[in-house]
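Read-outs throughout are calculated quantities, based only on the coordinates presented, and are distinct from any laboratory measurement. Since we're looking at a predicted model, the values are computed, not measured. Glycine also receives a Cβ, built like all others from the backbone with ideal geometry; neighbour counts cover every protein chain displayed.
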Amino acid sequence: MQRAAQALSGLLALFLAAIGMLYTFNPSGVSAANNLLYETTFGATNMRTLAAPMLMMAIVTAIGAVRQDWKFLVPAAVYFLLTVVIRALGLALDGFDSGTLRGLAVAALLFVVAEVPVQVFRRAGARQAAA
């Protein structure tokens, strides 16, 4: 089970790195896909700054995957949990939008992908400490 959790968290790290790279090198494509259109180069710079938290989470998640340490995976899980909460709040306050609903579904899936290794590694660590 730990190997599967390690592979899952490694895939999550690769996904986060890919998203970070997309924000860095293709901000117009990412913004168009998210309906965040901008008209100036300042908007492109703002989109690129969103790469920083993604790349940070990719690095921290990769460390957690290699070390099989759940504490390194918590930031990504919390990020996706908060994304789910904020998107659900957006649905409640702003009304139904298919893009928001799709984003909510993706964020919920990514939260589960991030949370499963956290729980597996945490329980494995607790068993090792008890032994």
Compare 58, 76, 88 in a GNM of the chain, Cα atoms joined below 10 Å, and give the one with the largest fluctuation.
-> 88
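Evaluate E = 1/(1 + (r/R0)^6) for residue 123 and residue 18, where r is the Cβ-Cβ distance and R0 equals 22 Å; express this FRET efficiency to the nearest 0.05.
Details: r = 29 Å, r/R0 = 1.32.
That pair, residue 123 with residue 18, gives E of 0.15.
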Which value results for Rg/Rh of the chain when Rg is the Cα radius of gyration and Rh the Kirkwood radius based on the inverse mean 1/r?
-> 1.05
Where is the GNM fluctuation largest for the chain (alpha-carbon springs, 10 angstrom cutoff): 108, 62, 13?
-> 108
Applying the Karplus parametrisation 6.51 cos²θ - 1.76 cosθ + 1.60 with θ = phi - 60° to the phi angles of region 96-106, what ³J(HN,Hα) value in whole Hz is obtained for each residue in order, glycine and proline being reported as x?
-> 5, 9, 4, x, 5, 5, 4, x, 5, 5, 5
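Taking each pair of different alpha-carbon atoms in region 15-86 once, compute 1/r for the pair, average those values, and report the inverse of that mean as the Kirkwood hydrodynamic radius in Å to one decimal. Each step should come with its number before you reach the end.
Values: mean 1/r = 0.0767 Å⁻¹.
The answer is 13.0 Å.
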